[in-house]
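Each remark here refers to the structure printed beneath this line.
Here, each number is a calculation from the coordinates, and none is a lab measurement. Source: prediction; values computed, not measured. Don't worry about glycine lacking a Cβ; one is built from the backbone with ideal geometry, like all the others, and counts go over all protein chains shown.
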Amino acid sequence: MKPSAIRIERMLEKIEAALVPPPRPCLSIITHEGDDAAAAMEKALAEHVACHPEDAGRTVEDFNWIGGERGLSSRRVQEHARWYSDAAYWSYSPNALAAGALDAELRAILRKEVSLEHVEIEFERVMKAVPR
C-alpha cells in the first residue's frame, strides 16, 4: 500500500517539527584590563572569516560568544614574571631550563588560574614581562 499525499505531508511536517535549527557557531575572546570587548569580537570575527571565507558577510551578532572572561590582571602577570625570573636564577639548572622544565611549571600554574584555551595566551604575556 502506497502512502497517500496527505500522509506524506503529515510525515514531513512531523520531521520538520522535530528538526531544530543548526546551532550558531561559537567564537571566543579573552579580554584584559582596559580592553574593549566589542573591538575584540570584531577582531576575532575578522580572523575567523580569514580562515573560513564561507562565513564572509556574517556579523558579530550571528555568533554565540564564549568569553568576555578576564585574563590575568597586569599585576598578576608581573607576579608570575617575577616568580619565573627568580625560579630560573635560584632553582633551575641551565639544562633544566633548556629542557623547558620551568616553562612547563608555569603552564601548570596558569592552568589553575585561566581556562585551558587561554593558557598559551597568558603564558606569552608572562614571558614578555620576564626581565631578560
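Anyone know which of 109, 30, 15 comes out most mobile in the 10 Å Cα GNM of the chain?
Greatest mean-square fluctuation among the candidates belongs to 15.
Between helix 101-113 and the chain, what is the angle of the helix's C-alpha long axis to the longest principal axis, kept within 0 to 90° and rounded to the nearest 10?
50 degrees
Report the label-to-label distance for residue 62 and residue 120 in nanometres (one decimal), using points 7 Å from each Cα along the Cα→Cβ vector.
Placing both labels 7 Å along Cα→Cβ, they lie 2.6 nm apart.
Given labels modelled 7 Å from the Cα in the Cβ direction, how far is it in nm from residue 43 to residue 108?
In this crude label model, residue 43 to residue 108 measures out at 3.2 nm.
Using only Cα atoms and rounding to the nearest 10 degrees, what angle (0 to 90) does helix 5-18 make with the longest principal axis of the chain?
Computed tilt is about 20 degrees.
I want to verify a result. In a Gaussian network model of the chain, Cα cutoff 10 Å, which of these has the top mean-square fluctuation: 49, 114, 77?
Highest fluctuation of the listed residues: 49.
How large is the direction-averaged shadow of the alpha-carbon convex hull of the chain, in nm²? All intermediate terms of the calculation are to be shown ahead of the outcome.
Values: hull surface 57.4 nm².
Over all viewing directions, the chain projects a mean Cα-hull area of 14.3 nm².
What length, rounded to one decimal in nm, is gained on full extension from residue 91 through to residue 9, with 0.36 nm per residue of separation minus their alpha-carbon distance?
Length difference between fully extended and current span is 22.1 nm.
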